[in-house]
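Here's the structure we're looking at; comments come further down.
The values are calculated or read from the model by the stated rules, or taken from the named source; none is laboratory data. Not measured: the values here are computed from a predicted model. Ideal geometry is used to build each Cβ from the backbone, glycine not excepted, and the neighbour counts take in all protein chains shown. Heavy atoms of the whole protein, side chains included, go into the accessibility calculation; ligands, DNA and RNA do not. Shrake-Rupley method; radii C 1.70, N 1.55, O 1.52, S 1.80 Å.
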Amino acid sequence: MYNEHSHQHTTRKRFFFQFLKNKTLVCCEIRGERGMENEPKFKRICVFCGSSAGNKTSYRDAAIELGAELVSRNIDLVYGGGSIGLMGLISQAVYNGGRHVIGVIPKTLMPKEITGETVGEVKAVADMHQRKAEMAKHSDAFIALPGGYGTLEELLEVITWAQLGIHDKPVGLLNVEGYYNSLLSFIDNAVEEGFISPTARHIIVSAPSAKDLVKKLEEYVPRHEKVASKKSWEMEQIGLSPTCEISR
């Protein structure tokens, strides 16, 4: 027998539980969105820098400032593994801030570039080629502090890898007091002379401060036409042609 009072009560209960369910969903969605806002875009950033501290205090200050910026954004550090120069300053700053530090260093350089206790996790590798590959593998973006031949070589290689399509990770220059102005002028001249395409010029981003640079890296969108796809390079690495299918 139909009972109107019972039907209304049941309907109200269903509505109430549906209301609770929807309210819970809304709360979950809001919390999820807030969580995503706090989630860093980069888990780890690789920093190339000198095993020397340079002649200006501004270079040392920039290394410490960059370390503090990574800590404030909950980003871990990948670097060249040394405990001297700018390498030592940034690794200590990140480590003291409670973030994980991965140092990658060839065994041959360990006596020269590591003094005292090591910081964080140290990966000893066979040579410079393996060092760069290992650093790139563990990183979501790259930043170059002021440095010499080694820093430039590492920087230019990851830029070339981006141009070739091996990776699409952003690459930034922390241009402390215009340290990299002459390099940027050289690259702009290479664009004018037809050796670098205008779109490939945008692979490099630069800024005078750590805060501005990390923000630019987060906003980076590749514009250049890649020589080959990332998948093709990965297949090449394991000895397969691009037309082969990787079994799952």
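Of the numbered conditions (1) at pLDDT below 95; (2) touching a Gly at 6+ places or on another chain (Cβ under 8 Å); (3) aliphatic (A, V, I, L, M); (4) surrounded by fewer than 23 Cβ atoms within 10 Å (Cβ to Cβ), V71 satisfies every one except a single condition; which is it?
Tallying (1) at pLDDT below 95; (2) touching a Gly at 6+ places or on another chain (Cβ under 8 Å); (3) aliphatic (A, V, I, L, M); (4) surrounded by fewer than 23 Cβ atoms within 10 Å (Cβ to Cβ), V71 fails exactly one: (1).
Inspect all residues belonging to the range 147-161 and state whether any of them is aliphatic (A, V, I, L, M), over 15 Å from S51 (Cα atoms), open to solvent by less than 70 Å² (accessible area, probe 1.4 Å) and not in a helix (DSSP H, G or I).
Looking for residues that are aliphatic (A, V, I, L, M), over 15 Å from S51 (Cα atoms), open to solvent by less than 70 Å² (accessible area, probe 1.4 Å) and not in a helix (DSSP H, G or I), one finds none in the range 147-161, hence no.
Return yes or no: is G239 open to solvent by 20 Å² or more (accessible area, probe 1.4 Å), in a loop (DSSP other than H, G, I, E, B) and at pLDDT 95 or above?
Criteria not met by G239.
Which one is nearest to R60 (Cα to Cα) among residues in the range 172-190 that are assigned to a helix (DSSP H, G or I) and open to solvent by less than 40 Å² (accessible area, probe 1.4 Å)?
If we take residues in the range 172-190 being assigned to a helix (DSSP H, G or I) and open to solvent by less than 40 Å² (accessible area, probe 1.4 Å), then V176 is nearest to R60 (Cα to Cα).
Taking the residues in the range 121-136 that are open to solvent by 40 Å² or more (accessible area, probe 1.4 Å), in contact with a strand residue (DSSP E or B) (Cβ under 9 Å, 6 or more places away or on another chain) and of a type outside the set (A, V, I, L, M, F, W, C) as candidates, determine which candidate is nearest to G67 (Cα to Cα).
Ranking the candidates gives E121 first.
For the structure I just gave you, tell me whether T199 is in contact (Cβ under 8 Å) with a residue 40 or more places away in the chain and of a type in the set (S, T, Y).
no
Checking the structure you have, find out if any residue of the range 193-204 is in a loop (DSSP other than H, G, I, E, B), open to solvent by less than 30 Å² (accessible area, probe 1.4 Å) and not hydroxyl-bearing (S, T, Y).
There is at least one residue in the range 193-204 that is in a loop (DSSP other than H, G, I, E, B), open to solvent by less than 30 Å² (accessible area, probe 1.4 Å) and not hydroxyl-bearing (S, T, Y).
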